[in-house]
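Every number here is computed from the coordinates shown, using simple stated rules; none is lab data. Treat the numbers as computed from the prediction; the structure is a model and nothing was measured. Note: ideal-geometry Cβ built from the backbone for every residue, glycine included; neighbour counts use all protein chains shown.
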Amino acid sequence: MNESSVSKKLTPEEAAGLLGNDQQVQKDIGGHKVILQSARKPSEISFRPFGNGFVLTRLIQEEDRVIAVFESGLQQSEHKSPANVPNQRS
Amino acid sequence: MTLRELKNEFLFQEELQDNFNYDGDGNLLPEKERRPPAPMEPGLLHDSLNIQFYMLASIFRELKERKLVESVEDLGCFELCTMELENNEEVQYDLGKMTEIYLRNYRNYPELQEVLENAFNTANEDGIKKQKRVWYEVILLGNVLGKEQSSLGSPEIIAFCQFQNMGRDSKGRKIYHFGAMNVSPDLRGSFLGEALMESSLSRENNFEDNAVIKAECDLNAPVTQYYLNKAGFAGTKITRDFYGISKLDIISDPN
């Protein structure tokens, strides 16, 4: 996943430049469809791209916002959560 | 308390101890005449333990920030161990220590304490039966001061996480679930948790090439950015966790 991920190579400045003043944009980078989305904090990110084959590959923290980067075309295994002990809260 | 104050406090305690070994003129006594360290009361031992915890954690944080250490073991006073769930006294002792840390991390949720403890115990009992869970523990070694006997006594578990073998996917790759990441609340912000994650994930990946690792995380926790931006995970969906709170399902898929 890492090697095929294009979002890992994006600098915060590049991500901000691609997003501009929009709240969400879709771009084509190196053959990958990428959605960049701006939110005030992570809990306000809209995860609608998940249903369309996108996965969240990057969270870029800026001073007053966070930029979420979704990518498509990355292969995913079917997920099945175990009855697991939860992580500690931060 | 600053690092300098902690060091001074620690040196003061060491000095007190050393005074038992000198005569009134400051000459070192023959070994037979030296007084053994006085047994410390539980409260004092706890204070002393905490001071040393803070000191070592501060030093680790400092070195980690400067990228002078990578693994938890680089400092020489912590050890990364694995523990397979088996029904024996040693495992039960370690699980007891883990439960203490785990419940202390949730002390702000008293209404959940009993449920949490039951969930933790049930998961471990299940793990013992199926032998599919491996715990990674960060141990604070007892002889951190280069002495045969330090006030720390026996090694202490200070952080832990778990890998659960979930079988194989359709391509034959092993799937692990990574979770139950806990650091002693005394050591928050020391980067020991991050170092534990890095070391344990790296070890699991090396043990099994092309293994798929799954986990869940709190979207608002800073560690989520670490998972996505550095550790190679990708978020796949939002679900509800044990408490009905939103969490992000993440996956590290090498292919």
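Tabulated data for the structure shown
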{"read-out": "Local net charge near B:E156, Cβ-Cβ under 12 Å (Lys/Arg +1, Asp/Glu -1)", "value": "-4"}
{"read-out": "Intensity falloff of the range B:174-233 expressed as log10 I(q)/I(0), Debye formula with alpha-carbon point scatterers, at q = 0.13, 0.14, 0.27 Å⁻¹", "value": "-0.35, -0.41, -1.35"}
{"read-out": "HN-Hα J in Hz across the range B:116-124 - Karplus 6.51, -1.76, 1.60, θ = phi - 60°, x for Gly and Pro", "value": "5, 5, 4, 5, 5, 5, 5, 4, 6"}
{"read-out": "HN-Hα J in Hz across the range A:7-18 - Karplus 6.51, -1.76, 1.60, θ = phi - 60°, x for Gly and Pro", "value": "5, 5, 8, 5, 7, x, 5, 5, 5, 5, x, 5"}
{"read-out": "Whole-Hz couplings from phi, Karplus 6.51/-1.76/1.60, listed for the range B:58-69; x for Gly and Pro", "value": "5, 5, 4, 4, 4, 5, 5, 4, 8, 6, 8, 10"}
{"read-out": "Residues with amide H under 5 Å from that of A:K33, placed H, sequence gap 5 or more", "value": "A:S72"}
